[in-house]
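Written below as structure tokens is the structure these notes are about.
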Amino acid sequence: MNEGLGARSPGAGGAPGGRPEAAAPRLGASLAAVRARGAKALVPYVMLGDPDLETSVRVARAMAEAGADAIELGMPFSDPLADGPVIQAAGQRALGGGYRLARGLQAVADLRRQVACPLALMTYVNPILQRGAASFCAEAARAGADGLVVPDLPLEESAGLGASCRAQGMDLVLLVAPTSTDERIAGVARAASGFIYCVSVVGVTGAREDTLVRVPATVVRVRARTALPLLVGFGINSVEKAVRAAAVADGVIVASWIVQALADLGAGATPEARAALASRMVRVLRAGLDARPA
Amino acid sequence: MRPAERVEGAEGPDAHGRFGPYGGQYVPETVMPALAELEAAFRGALADPSFHAELERLLRDYVGRPTPLWHAERLSQRLGRGVRVYLKREDLCHTGAHKINNAVGQALLCLRMGKKRVIAETGAGQHGVACATVAALFGLRCRVYMGEEDMERQALNVFRMRLLGTEVAPVSAGTRTLKDALNEAIRDWVTNVETTHYILGTAAGMHPYPWLVREFQAVIGREARRQVLQAEGRLPDAAVACVGGGSNAIGLFAPFLADRGVRLFGVEAAGRGLETGEHAASLTAGRPGVLHGSLSYVLQDEDGQVLNAHSISAGLDYPGVGPEHSHLRDTGRATYLACTDAEALEGMRLLGQTEGIIPALESAHAVGALERIVAGLPEGALVVVGVSGRGDKDMPQVAKLLMNEPAP
């Protein structure tokens, strides 16, 4: 086996060649600054390589220019068990188009040169494990990533990767769900950095009827245990839902709604058309969040 | 979490759900509380004599245990070297395979947890049929995820499940086989975890499943150990079983783990041949990775993308394997080899024509590897072979494959 996640040996995070100096992570600081100025954070999602890397970079740049506070970059994985059909299909399109991890990280570096906002990589455990946690984090930081979101990495398995992230000045974002016990939420609050990803529903990513029913109760329980920004994600597929979720939290993550809208343009859509649509969607979300009643 | 109870000389998992480095819980936060609930329910059940009594009653009066240990004399003669082969007849269990042992146990756990709906994944359909059966028996709602390719090659089992009142949900994603059925079952569980128990069918996936499934399947090895001692007055030299996820193999092996003189052989599916890349031999040709919630041997590319597996047998057609097998491989306590589609078909024919027993294609892999295994054992070796299921379900598929061949 390679160096692995180092899950049982916290502190084994260092690897040479990442950021020049491991500065304080930017992701959490940036989202906290959004909160400090009384605004709500908007974090849209792009699947890297869907339908190709150049286009996904272009879409991400359009989102940043349209007012995103950070961007979540999905890294395709063959078996994404926390994802619903929309993100699954996007990952399959990317893998079918020849996505490789090294080229994906190169695309992150390209994007980093074009935008200033923080970039969070969303990936599953195995691609990280196969690189080795320390090497993966060093490469990701070198490419300009500011944090990782790993939906199949619960608190219990997160110590090693958390140390590797810290060593590279990146945040490791942890998730809480409506089913999380208070005890688990307290544990997540102690270990998380950047922000806490509050999963809106009991379920996988994507839209459904009752998305927001359990959000207020979840957010209240998390808020009581941390000062970190709280972002709500999963199934936010309208401006109205984004505004309602943001009303109780510090911001929202919008993924499947945008990914589906881009897919609906059809395989023949130009990168320009995709970027324009992503830009429009982020602008209406931005306007909705900024106009929310005080 | 407290360290798991050690049972019958079997080792692990540790307090983190690990067998050596393997195992763990790489799953979305949403289901973590349910895994803790399941582990607590299982510990409670283990400590409750009434649970054991009820499980024993069901295994005896409903499943038909103990299953026989059959001295396969003509097969032994055919293999030569004076070997004495005994078959552990899980094919004689109600529903036709060992899967029912685990399904009955988990259904009882489901009742203890007060849940009224169960879900399952299935490859060959044997675990699906077992779950549909216990769901009918206990009045639980049941949904089984099955890859579309497997639904074609195991159409009979699809029909059986539906007849039993279970909903069979076709999985069209990815390889349309067992791997993707597991993905969909886990996604269902993530969504319905508060009302649903997931009856995982193999000794793989996230803790506590590999441990729990082993404990429910260890009845195979417990009986076999007792029966072989009774028949021969000594322990066997070897125990042999096929390995997909590894539930029948770990069930047979576990009670022999402390008997260091008993060699353990797991037989994986070599498909069209290891050199073709079209196989399902994770332990032989894979490397450690995380799939379906645990760290274990996985067929994958450099980037950690999971590769498509291939096997003639839908039940072995899986690019992962249970974490305890991964640990037994690394420690050398068990030996894993691989048997091609062609060798498995030969094994099916051999067992049919020497013993009048047609094994499932899965179990036929264990038979197909016997000649090679026996060649490495002393003359007169005593060998227990797990016949995990019967071959009826495979007849349409095998008939198609062998139709144009002359009878041997």
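Condition (residue is in a strand (DSSP E or B), under 24 Å from the mean Cα position of the chain (by Cα) and not acidic (Asp, Glu)) applied to the range B:91-111: is it met by at least one residue? Yes - at least one qualifying residue is present in the range B:91-111. Answer with yes or no whether residue A:286 is crowded, with 16+ Cβ neighbours inside 10 Å and more than 26 Å from residue A:58 (Cα to Cα). It is false that residue A:286 is crowded, with 16+ Cβ neighbours inside 10 Å and more than 26 Å from residue A:58 (Cα to Cα). With a requirement of 2 or more residues that are over 26 Å from residue B:190 (Cα atoms) and in contact with a Leu (Cβ under 6 Å, 6 or more places away or on another chain), the helices (runs of 4 or more DSSP H) lying completely within the range A:216-294 that satisfy it span A:271-290. Restricting the first residue to the range B:241-268 and requiring it to be at positive phi, which pairs with a second residue that is surrounded by 23 or more Cβ atoms within 10 Å (Cβ to Cβ) and not in a loop (DSSP other than H, G, I, E, B) meet a Cβ separation below 6 Å and a spacing of at least six or different chains? Between residues of the range B:241-268 that are at positive phi and residues that are surrounded by 23 or more Cβ atoms within 10 Å (Cβ to Cβ) and not in a loop (DSSP other than H, G, I, E, B), the close pairs are B:246/B:325. Looking across B:307, B:337, one residue alone is open to solvent by 10 Å² or more (accessible area, probe 1.4 Å), of a type in the set (A, V, I, L, M, F, W, C) and within 20 Å of residue A:131 (Cα to Cα). It is B:307.
Looking at the range B:187-300, the strands (runs of 3 or more DSSP E) lying wholly inside it that each contain 2 or more residues that are more than 14 Å from chain A (Cβ to nearest Cβ) sit at B:238-242, B:263-271. Does residue A:198 satisfy being closer than 16 Å to residue A:120 by Cα, in contact (Cβ under 8 Å) with a residue 12 or more places away in the chain and touching a Cys at 6+ places or on another chain (Cβ under 6 Å)? Considered against the rule, which asks whether it is closer than 16 Å to residue A:120 by Cα, in contact (Cβ under 8 Å) with a residue 12 or more places away in the chain and touching a Cys at 6+ places or on another chain (Cβ under 6 Å), residue A:198 comes out as no.
Scanning the range A:232-248 finds no residues that are open to solvent by 20 Å² or more (accessible area, probe 1.4 Å), among the hydroxyl-bearing types (Ser, Thr, Tyr) and within 24 Å of residue A:123 (Cα to Cα). Those strands (runs of 3 or more DSSP E) of the range A:94-213 in which at least 2 residues are at the interface with another protein chain (Cβ under 8 Å from one of its Cβ atoms), under 28 Å from residue B:297 (Cα atoms) and of a type outside the set (S, T, N, Q), considering only elements entirely within it, cover A:171-176. Selection over the range B:189-209 of residues that are at negative phi and either open to solvent by 10 Å² or more (accessible area, probe 1.4 Å) or among the small types (Gly, Ala, Ser) (or both) gives a count of 8. Pairs are defined by a Cβ separation below 7 Å, a sequence spacing of at least 6 or placement on different chains, a first member in the range A:44-72 that is closer than 20 Å to residue A:123 by Cα, and a second member that is polar (S, T, N, Q) and crowded, with 24+ Cβ neighbours inside 10 Å; the pairs so defined are A:46/A:56; A:47/A:56; A:48/A:56; A:49/A:56; A:50/A:56. Scanning the range B:121-159 for residues that are on the phi > 0 side of the Ramachandran plot and open to solvent by 10 Å² or more (accessible area, probe 1.4 Å) returns a single hit, B:139.
Out of curiosity, is residue A:89 within 14 Å of another protein chain (Cβ to nearest Cβ) and aliphatic (A, V, I, L, M)?
Spelling it out, residue A:89 is indeed within 14 Å of another protein chain (Cβ to nearest Cβ) and aliphatic (A, V, I, L, M).
The values are calculated or read from the model by the stated rules, or taken from the named source; none is laboratory data. Computed from a predicted structure; not experimentally measured. Cβ atoms come from the backbone with ideal geometry, glycine included; neighbour counts cover every protein chain shown. For accessibility, only protein heavy atoms count, side chains too; no ligands or nucleic acids. Shrake-Rupley method; radii C 1.70, N 1.55, O 1.52, S 1.80 Å.
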